[in-house]
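Novice: Could you have a look at this structure, given as structure tokens, before my questions?
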Amino acid sequence: MKLLAPVLEQVEKRNPNEPEFHQAVQEVLESLEPVAERHPEWLKAGVFDRIVEPERQILFRVAWVDDQGRVQVNRGFRVQFNSAIGPFKGGLRLHPSVNVGIIKFLGFEQILKNSLTGLPIGGAKGGSDFDPKGKSDGEVMRFCQAFMTELQRHIGPDTDVPAGDIGVGGREIGYLYGQYRRIRNESTGVLTGKAIGWGGSLARTEATGYGLCYFIEEAMKVRHKSFRGKTVVVSGSGNVAIYATQKVQHLGGRVVALSDSDGYVHDPDGIDLKTVQEIKEVRRGRIKEYLAVRPNATYVPGCSGIWSIPCDIALPSATQNEIDEASAELLVKNGCFAVGEGANMPSTPEAIEVFLRNQVTYGPAKAANAGGVATSALEMSQNSMRLSWTFDEVDAKLKDIMIHIHSISSRAAAEYGHPDNLFMGANIAGFEKVAKAMYEQGVG
Ligand code: NDP
Ligand code: 2IT
């Protein structure tokens, strides 16, 4: 990196102790070096310097009362990263590991991901270090209400539209939305991932996992391969993992493993998804409980071992940096020929190197998992029009969007002399649209 090295240096200096944010920015800037060479006017207008600095960062106290009557204090975040092409848009993460560096990495990735969807949405992310695990419904509700009591003054259907991410699903969106509506006296599409009865979109729940499979199916076509008859390993067992598993099964593949943060289950006969949904969606239990229903499966504590299971296709769908270099080497050695990132930044830079060097069909997160936010944008459209599309209509639009993302990413990769490198292609195609908007709208 030459032209853009000072941009990265400044990011590292200005944001100390935020390794995930540095990692996300470095990966993108490395892909953008040839873009900077081709567009001196963007360099001169400071587009690269501006895009790595959030437009606004909100940090706030979230105080709530637990079931024992004790006051608990968490920290809330909303990083409104870039609104050049539309209102800020991106999920909320509730997990004890959340800090400003993690929210910034996610918000930065979201800018380019949202651009790739072709829909008018800017990039943002938020959340809290609140740990939903082991909390009662009442505690989760009081936390969400306290969180929204502050967040509501910073968001709005044309300003910033949050949604779910790790630890935030339908239950949490309900509590958040209820509090927004009560305080603001407005029924608007201020959040996505809402339930169907009060403004949600059909297929939003399934969208990230389904979109991931549509994207990888399209990417594999180039090599005359498909999910049919293939063995697939999926990590995680949350929203993305469950619906990726369902779509793999629709497409004729066999998912043999799923995980959570405690360990993984290996079921060589193929995962029984109904059982997983009962454990995870209904009971909020642990993946280990799968063995009680499927005694032929095995359970192994710890997460990284899941990548030692031989598979044709891997869909990491849990969290960042879950595949390191050694795991990537092992996947390739065991014959894995395609990797689709359901999670955000699940592969370390060294792991990505391994995939690219070995001609693995590699679907980078900002392209492969964009189906979730794309369908959120479709939910926003339906809210604005005050009507609802059928499941099949939304699903068809989602599929078209994923095929479009693959096509513009491939085209950008080829145009810049790296055919088949979807990692570079997605970074470039996502960036160019935002850069053009920032340039046309002047310095600010
Ligand atoms: P969920 O909360 O529904 O599920 C998360 C899953 O990942 C759980 O199985 C969880 O296990 C596991 N997990 C979470 N953190 C860790 C960790 N530190 N180490 C190991 N396992 C972990 O979240 P989602 O399915 O929504 O999100 C999964 C990934 O997909 C995230 O990277 C998210 O950013 C990304 N994503 C989500 C989208 C969406 O629409 N929901 C859209 C695009 C990307 P446990 O229960 O033990 O915590
Ligand atoms: O990472 C992501 O794209 C999401 N968590 C979904 C965001 C959204 O606004 O639907």
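Novice: Determine, yes or no, whether GLU350 is open to solvent by 10 Å² or more (accessible area, probe 1.4 Å), among the acidic types (Asp, Glu) and within 30 Å of LEU119 (Cα to Cα).
Specialist: no
Novice: A further question on this structure: Within the range 328-344, how many residues are open to solvent by less than 10 Å² (accessible area, probe 1.4 Å) and in a helix (DSSP H, G or I)?
Specialist: Of the residues in that region, 2 qualify.
Novice: Now, a different point. So the check is Cβ under 9 Å with 6+ separation or different chains; which pairs have a first residue in the range 411-429 that's on the phi > 0 side of the Ramachandran plot and a second one that's surrounded by fewer than 17 Cβ atoms within 10 Å (Cβ to Cβ) and among the small types (Gly, Ala, Ser)?
Specialist: Qualifying pairs under 9 Å: ASP420/ALA414.
Novice: Related question: Go through the residues of the range 358-377 one by one and say whether even a single one is more than 22 Å from SER235 (Cβ to Cβ), within 21 Å of the chain's Cα centre (by Cα) and open to solvent by 20 Å² or more (accessible area, probe 1.4 Å).
Specialist: Within the range 358-377, none of the residues are more than 22 Å from SER235 (Cβ to Cβ), within 21 Å of the chain's Cα centre (by Cα) and open to solvent by 20 Å² or more (accessible area, probe 1.4 Å).
Novice: Right, next: Evaluate the following for VAL161: is it of a type in the set (Val, Ile, Thr), more than 13 Å from ligand 1 (Cβ to nearest atom) and open to solvent by less than 10 Å² (accessible area, probe 1.4 Å)?
Specialist: So VAL161 fits the description; yes.
To keep it simple, each residue is scored yes or no on (1) open to solvent by less than 10 Å² (accessible area, probe 1.4 Å); (2) under 21 Å from ARG386 (Cα atoms).
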{"site": "ASP131", "(1), (2)": "no, no"}
{"site": "SER136", "(1), (2)": "no, no"}
{"site": "GLU139", "(1), (2)": "no, no"}
{"site": "GLN152", "(1), (2)": "no, no"}
{"site": "ILE166", "(1), (2)": "no, no"}
{"site": "SER187", "(1), (2)": "no, yes"}
{"site": "SER201", "(1), (2)": "yes, yes"}
{"site": "TYR214", "(1), (2)": "no, no"}
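Novice: Can you tell me which residue in the range 327-347 is farthest from ligand 1 (Cβ to nearest atom), limited to those that are more than 18 Å from LYS113 (Cα to Cα) and polar (S, T, N, Q)?
Specialist: Checking each candidate, the answer is ASN334.
Novice: Every residue in the range 176-233 that is of a type in the set (Gly, Ala, Ser) and within 14 Å of ligand 1 (Cβ to nearest atom), please.
Specialist: If the condition is that a residue be of a type in the set (Gly, Ala, Ser) and within 14 Å of ligand 1 (Cβ to nearest atom), then GLY193, GLY200, SER201, ALA203, ALA207, GLY209, GLY211 are the ones that fit.
Novice: Can you find even one residue in the range 224-236 that is closer than 30 Å to SER407 by Cβ and assigned to a helix (DSSP H, G or I)?
Specialist: No, the range 224-236 has no match at all.
Novice: What is the one condition in (1) within 16 Å of ligand 1 (Cβ to nearest atom); (2) in contact with an Asp or Glu (Cβ under 9 Å, 6 or more places away or on another chain); (3) open to solvent by less than 10 Å² (accessible area, probe 1.4 Å) that LEU116 does not satisfy?
Specialist: With (1) within 16 Å of ligand 1 (Cβ to nearest atom); (2) in contact with an Asp or Glu (Cβ under 9 Å, 6 or more places away or on another chain); (3) open to solvent by less than 10 Å² (accessible area, probe 1.4 Å) applied to LEU116, the lone miss is (2).
Novice: For the range 292-319, give me each residue that is assigned to a loop (DSSP other than H, G, I, E, B), open to solvent by less than 70 Å² (accessible area, probe 1.4 Å) and under 16 Å from GLY335 (Cβ atoms).
Specialist: Hits for the range 292-319 are ILE309, CYS311, ASP312.
Novice: For the range 129-184, how many residues meet the condition of being at positive phi and part of a helix (DSSP H, G or I)?
Specialist: Summing the residues that are at positive phi and part of a helix (DSSP H, G or I) in the range 129-184 gives 0.
Novice: Starting from the range 367-390, keep only residues that are within 14 Å of ligand 1 (Cβ to nearest atom), then list their pairs with residues that are open to solvent by 50 Å² or more (accessible area, probe 1.4 Å) and assigned to a helix (DSSP H, G or I) whose Cβ atoms are within a distance under 7 Å, requiring at least 6 positions of separation or different chains.
Specialist: Note: pairs meeting the criteria are LEU378/LYS397.
Novice: Which one of these does VAL222 not meet: (1) open to solvent by less than 80 Å² (accessible area, probe 1.4 Å); (2) touching a residue at least 60 places away in the same chain (Cβ under 8 Å); (3) of a type in the set (A, V, I, L, M)?
Specialist: The failed condition is (1).
Novice: Follow-up question, since we're still on this one. Of the residues GLY76, GLY90, GLY46, GLY69, which single one is of a type in the set (Gly, Ala, Ser) and within 14 Å of ligand 2 (Cβ to nearest atom)?
Specialist: Testing whether each residue is of a type in the set (Gly, Ala, Ser) and within 14 Å of ligand 2 (Cβ to nearest atom) leaves just GLY90.
Novice: Which residue pairs have Cβ atoms under 6 Å apart, sit 6 or more places apart or on different chains, and have a first residue in the range 253-264 that is touching a residue at least 12 places away in the same chain (Cβ under 8 Å) and over 16 Å from PRO301 (Cα atoms) and a second that is of a type in the set (Phe, Trp, Tyr) and more than 8 Å from ligand 1 (Cβ to nearest atom)?
Specialist: Taking only residues 6 or more apart or on different chains, the pairs are GLY253/PHE227.
Novice: Can you name the residue in the range 97-113 that is within 13 Å of the chain's Cα centre (by Cα) and of a type in the set (Val, Ile, Thr) and is also surrounded by the fewest Cβ atoms within 10 Å (Cβ to Cβ) among such residues?
Specialist: Checking each candidate, the answer is ILE102.
The values are calculated or read from the model by the stated rules, or taken from the named source; none is laboratory data. This structure is a prediction, so every number in the text was calculated from the model and none was measured. Because the Cβ atoms are built from the backbone with ideal geometry, glycine has one as well, and the counts that use them run over all protein chains shown. Note: areas computed on protein heavy atoms with side chains; ligands, DNA, RNA excluded. Shrake-Rupley method; radii C 1.70, N 1.55, O 1.52, S 1.80 Å.
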